[in-house]
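Data first, discussion second: the structure below is written as structure tokens.
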Amino acid sequence: MTNQGTNLDPWYDSYADRTAGLSASEVRALFAVASRPEVVSLAGGMPYVSALPKEMVLGSIEKVMHANGPMALQYGSGQGTPAIREHIMQIMALEGIRGSADNVVVTTGSQQALDLVTRLFINPGDVVLAESPSYVGALGVFRAYQADVVHVAMDDEGLVPESLRETIVALEAAGRPIKFLYTIPNFHNPAGVTLTWARRLEILDICRSHGILVLEDNPYGLLYFDQPAPQAMRSVDDEGVIYLGSFSKTLAPGFRVGWALAPHAIREKLILANESATLAPNSFGQYVITEYLDQTDWKGQIDTFRGIYSERRDAMLSALGEYLPSLTWTRPDGGFFVWVTLPDELDSKAMLPRAVKELVAYTPGTAFFSDGQGRSNIRLSFCYPTPESIRLGVSRLATVINGEIDLLRTFGGASMMQSIPTRSGVGNPPPNIL
Ligand SMILES: Cc1ncc(COP(=O)(O)O)c(C=O)c1O
């Protein structure tokens with residue numbers, strides 16, 4: 001064992017190569033700062049679990065302990081309980097998915113399903129296609145397995161099929177193995193946009209014709225505001241799509257229960273990988289959730305969440321319109337996030353310490369790319385703070401952004417004001433906003 005360089009970790013030389021891909025995400029680093037009570041955090045995407053009545057959960061826990069205590073406290077099957085898998089089929093039917101509960105694998109949140117799928121398919125250097133931008137937690141997994149993430153353009157209708165086609169053709173010409181397309185079609189994290197139905201079909205066609213698997217990640221689909229999102233991609237393709245779902249946003253993330261619905265052959269391998277990673281998913285969580293789904297008005301509870309998030313989305317969009325009218329942003333129809341584009345000259349990561357000083361936190365856009373893009377973007381989350389806090393947070397953000405603009409204007413950024421879009425983004429995001 002040697003201790004080279006400036007690294008003080010005595011085991012530095014012993015780590016496997018893939019640990020080079022393990023780094024704390026920018027979101028994670030922010031949690032420490034943003035958790036100070038005086039900071040308005042528009043950074044993390046924490047569901048507003050306080051809106052879940054305590055009695056609803058307590059009742060389910062008590063029932064489980066009385067009726068099934070020893071089973072719920074025991075190790076379970078590596079695939080998940082049959083009862084919760086049946087419920088999961090009914091939940092997915094709300095988005096048009098039909099199939100067999102036998103092809104569902106319950107996981108420790110959908111995050112673990114992401115990990116297992118990547119583990120099954122990725123050799124170092126294999127290509128994963130992902131939207132531009134993409135979910136920071138997925139990028140972390142892909143990095144950990146040494147995948148090469150290639151971003152594909154999005155606009156306000158989601159992933160752009162033509163860009164996908166061109167990217168695939170270019171990668172194939174270069175002899176690069178493309179293993180799957182990772183996509184978040186509904187209320188995208190971080191972009192806040194939703195993939196149209198026509199594009200879903202076109203993207204499936206493209207992937208099918210190039211032999212590329214689609215990994216459809218849909219934790220936000222049921223959290224729509226005005227009307228449901230288009231049906232799931234998996235609803236029209238049961239061989240070429242692995243679908244990921246979760247109870248984290250529609251119930252609570254603390255249960256750590258999510259799932260994958262996979263083509264049968266893949267599902268077999270997923271179960272083995274699940275057993276190897278955790279022996280079995282959380283038994284107690286599965287029993288409590290099953291009881292909750294059996295005994296409570298869980299759809300009514302999702303309606304309550306939708307109402308709360310919709311009001312918060314409105315608060316954020318109107319505050320942006322009022323305090324930062326010269327910027328552009330997306331207008332989400334569900335989910336948790338708004339994606340804001342700053343003037344080119346601003347660096348959202350460099351600006352963050354100043355924002356924290358002003359007692360507001362956001363996530364810099366660079367967190368959502370594997371290739372350094374996103375400097376002039378920020379992700380704002382409206383799921384957790386109250387509408388009043390959101391207004392306060394956005395007004396503080398405006399102080400920071402306007403201060404940076406003034407500084408640049410004073411110290412040589414003379415052309416900068418011309419580059420600031422003059423049109424408000426409310427309700428009308430330009431196609432190239434992402
Ligand atoms: C797009 C997306 N996928 C997956 C996850 C992971 O969710 P969980 O592991 O809680 O199911 C998240 C969480 O924020 C997410 O935003």
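The values are calculated or read from the model by the stated rules, or taken from the named source; none is laboratory data. Quick caveat: nothing in here was measured; it's all calculated off a predicted structure. We place every Cβ from the backbone using ideal geometry, glycine too, and count neighbours over all the protein chains shown.
Scanning the range 170-191 for residues that are within 16 Å of the ligand (Cβ to nearest atom) and out of contact with any helix residue (DSSP H, G or I) (no Cβ under 9 Å at 6 or more places or on another chain) returns ASN186, PHE187, HIS188.
Among the residues of the range 75-83, is there at least one that is under 30 Å from TRP339 (Cα atoms), in contact with a strand residue (DSSP E or B) (Cβ under 7 Å, 6 or more places away or on another chain) and surrounded by 20 or more Cβ atoms within 10 Å (Cβ to Cβ)? Within the range 75-83, none of the residues are under 30 Å from TRP339 (Cα atoms), in contact with a strand residue (DSSP E or B) (Cβ under 7 Å, 6 or more places away or on another chain) and surrounded by 20 or more Cβ atoms within 10 Å (Cβ to Cβ). When VAL40, VAL64, VAL49, VAL57 are checked against the criterion of being within 16 Å of the ligand (Cβ to nearest atom) and either out of contact with any Phe, Trp or Tyr (no Cβ under 6 Å at 6 or more places or on another chain) or not assigned by TED's automatic domain parsing to the domain that holds ARG379 (or both), VAL49 stands alone in meeting it. Candidates VAL214, VAL241: the one that is free of Cβ contacts under 8 Å to residues at least 40 places away in the same chain and either away from the ligand (no atom under 15 Å from the Cβ) or surrounded by fewer than 22 Cβ atoms within 10 Å (Cβ to Cβ) (or both) is VAL241. Only a single criterion out of (1) crowded, with 23+ Cβ neighbours inside 10 Å; (2) under 20 Å from SER23 (Cα atoms) is not satisfied by SER381, namely (2).
One line per residue, one yes/no per condition, for (1) more than 15 Å from the ligand (Cβ to nearest atom); (2) within 23 Å of ASN189 (Cβ to Cβ); (3) surrounded by fewer than 20 Cβ atoms within 10 Å (Cβ to Cβ):
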{"site": "THR108", "(1), (2), (3)": "no, yes, no"}
{"site": "LEU114", "(1), (2), (3)": "no, yes, no"}
{"site": "PRO124", "(1), (2), (3)": "yes, no, yes"}
{"site": "ALA138", "(1), (2), (3)": "no, yes, no"}
{"site": "GLU157", "(1), (2), (3)": "yes, yes, yes"}
{"site": "ILE168", "(1), (2), (3)": "yes, no, no"}
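All conditions but one from (1) within 16 Å of the ligand (Cβ to nearest atom); (2) farther than 19 Å from PHE369 by Cα; (3) not in a helix (DSSP H, G or I) apply to VAL128; the one that does not is (2). For the range 177-211, which residues satisfy the criterion of being among the β-branched types (Val, Ile, Thr), in a strand (DSSP E or B) and surrounded by 24 or more Cβ atoms within 10 Å (Cβ to Cβ)? Across the range 177-211, the qualifying residue is only THR183. Among the small types (Gly, Ala, Ser), modelled with pLDDT of 95 or more and surrounded by 22 or more Cβ atoms within 10 Å (Cβ to Cβ), is that true of ALA147? So ALA147 fits the description; yes.
Go through (1) within 26 Å of GLU162 (Cα to Cα); (2) within 16 Å of the ligand (Cβ to nearest atom); (3) β-branched (Val, Ile, Thr) for ILE206 and report which single condition fails. Exception for ILE206: condition (2).
Counting the residues of the range 256-268 that are more than 9 Å from the ligand (Cβ to nearest atom) and surrounded by fewer than 24 Cβ atoms within 10 Å (Cβ to Cβ) gives 6.
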